[in-house]
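Asks: Please see the structure below; I have some questions.
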Amino acid sequence: MDIKLLSGALGAEISGVNLKDTSLKNFEIINNLLLEHKVIFFRRQNITPEEQLTLASRFGPIEQHAYVKGLDEYPEIVRIIKKPDEKNQWGENWHSDVSYNVKPTKAVILKSIKIPPVGGDTMFANMELAWETLDESIKEKIKNKKAIHSSLGAKFFIEDYKAMKSNGNYDEYSNEHPIVRTHPETRKKILFVNWTYTKKIIGMDKKESDEILNEIFKHQARLDFTCRFQWTENAVAIWDNRSVQHYAIADFFPGRGLGHERIMDRIAVQGDKPN
Ligand code: SIN
């Protein structure tokens, strides 16, 4: 096995591990790598949807997305499609997946199906580092507080993407989570608010809450907390959604002659209630 770090903050590209091997022994290797690097990448992994599902289910029960319709043959797989003439793509701002749920996603297994020759990289940011380096005066103000996360906080909705399918559910999901959560496996502290879904700090007036959240969002997006993955087809990313945020870069500018399709298959694993 070879491990190539993607940045000083997080992320490692792993070679010499075959994701078709869904044995418990191989899973333990993968899970240890995930806990250490927070997001791990594998190239040339021609796994089938069944193998992707088996791998995901090693991490825990599969999560059904609240709003997006899965594939007809594999309802647990959300196909993320950006058409050649689209500027936007799903996931194009900093977020932790479904943080508005009572139990936000534990991990995601994302496989690339079709990748543009350039553009459409994904970035990840380390929220343990974000907590460790946060200004002490902000830490003091938020350390025992909770914040509201709302699904209607999203700036883009499924209808904004031409080829993505809604499952017909438009209910709002809104839940409170501690701003600083403890990782259930590593026991590390994590800054658990995000620009896309976190709306308000409980027990603070709106103005102060907005000011603090905006400071935190700026801090969380510091480039020295990030890594960036340039996709190739049949690559797989696995991220720990408890301790990282991610951002799918929609750098598809009309007029630059770069109209290409991007297709990814996403499977998410249910998490636990943040503490
Ligand atoms: C997502 O936000 O889950 C999508 C990530 C990507 O397509 O790179």
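Yes or no, residue by residue, for (1) on the phi > 0 side of the Ramachandran plot; (2) touching an Asp or Glu at 6+ places or on another chain (Cβ under 8 Å); (3) near the ligand (Cβ under 10 Å from one of its atoms):
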{"residue": "Val78", "(1), (2), (3)": "no, yes, yes"}
{"residue": "Pro84", "(1), (2), (3)": "no, yes, no"}
{"residue": "Gln89", "(1), (2), (3)": "no, no, yes"}
{"residue": "Lys103", "(1), (2), (3)": "no, yes, no"}
{"residue": "Val108", "(1), (2), (3)": "no, yes, yes"}
{"residue": "Ile113", "(1), (2), (3)": "no, yes, no"}
{"residue": "Gly120", "(1), (2), (3)": "yes, yes, yes"}
{"residue": "Ala130", "(1), (2), (3)": "no, no, no"}
{"residue": "Glu136", "(1), (2), (3)": "no, no, no"}
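Asks: Out of Val68, Val17, Val78, Val39, report the one residue that is surrounded by 12 or more Cβ atoms within 10 Å (Cβ to Cβ) and modelled with pLDDT under 95.
Replies: Working: Val17 fails: modelled with pLDDT under 95; Val78 fails: modelled with pLDDT under 95; Val39 fails: modelled with pLDDT under 95.
Within the list Val68, Val17, Val78, Val39, the selection yields Val68.
Asks: Also, quick follow-up: Under the condition of being buried (at least 17 other Cβ atoms within 10 Å of the Cβ) and either part of a loop (DSSP other than H, G, I, E, B) or of a type in the set (A, V, I, L, M) (or both), which residue from segment 46-61 is nearest to the ligand (Cβ to nearest atom)?
Replies: Ala56
Asks: Considering (1) within 30 Å of Pro61 (Cβ to Cβ); (2) of a type in the set (Val, Ile, Thr); (3) within 16 Å of the ligand (Cβ to nearest atom), say which one Ile202 fails and leave the rest.
Replies: All conditions pass for Ile202, except number (3).
Asks: Based on what the data block shows, is Tyr100 of a type in the set (Phe, Trp, Tyr) and more than 28 Å from Ile216 (Cβ to Cβ)?
Replies: Here the answer is no, as Tyr100 does not meet what is asked.
Asks: I've got another one for you. Anything in segment 64-100 that is in a loop (DSSP other than H, G, I, E, B) and among the basic types (Lys, Arg)? List them, or say none.
Replies: The first filter runs over segment 64-100 and keeps only residues in a loop (DSSP other than H, G, I, E, B), leaving 64-67, 69-77, 83-94, 96-100.
Result: Lys69, Lys83, Lys87.
Asks: Go through (1) open to solvent by less than 70 Å² (accessible area, probe 1.4 Å); (2) in contact with a helix residue (DSSP H, G or I) (Cβ under 7 Å, 6 or more places away or on another chain) for Leu110 and report which single condition fails.
Replies: (2)
Asks: Also: Taking the condition part of a loop (DSSP other than H, G, I, E, B) and farther than 18 Å from Lys106 by Cβ, does Glu233 pass?
Replies: Working: part of a loop (DSSP other than H, G, I, E, B): yes; farther than 18 Å from Lys106 by Cβ: yes.
Yes, satisfied.
Asks: I would also like to ask the following. Across segment 248-267, what is the total count of residues that are touching a Gly at 6+ places or on another chain (Cβ under 7 Å) and within 10 Å of the ligand (Cβ to nearest atom)?
Replies: Start the filter on segment 248-267 by keeping residues that are touching a Gly at 6+ places or on another chain (Cβ under 7 Å), which leaves 248-249, 251-252, 258, 262.
In the following step, the residues that additionally are within 10 Å of the ligand (Cβ to nearest atom) were identified as 248-249, 262.
Looking only at that region, the number is 3.
Asks: Just the residues that are more than 25 Å from Arg187 (Cα to Cα), among the aliphatic types (A, V, I, L, M) and in contact with a Phe, Trp or Tyr (Cβ under 8 Å, 6 or more places away or on another chain), please, taken from segment 239-263.
Replies: Within segment 239-263, Ala248, Leu258 qualify.
The values are calculated or read from the model by the stated rules, or taken from the named source; none is laboratory data. Just so it is clear, the model here is predicted, and its values are computed rather than measured. Please note: Cβ atoms are built from the backbone with ideal geometry, for glycine as well, and neighbour counts cover all protein chains shown. Surface areas here come from the heavy atoms of the whole protein model, side chains and all, with no ligands, DNA or RNA. Shrake-Rupley method; radii C 1.70, N 1.55, O 1.52, S 1.80 Å.
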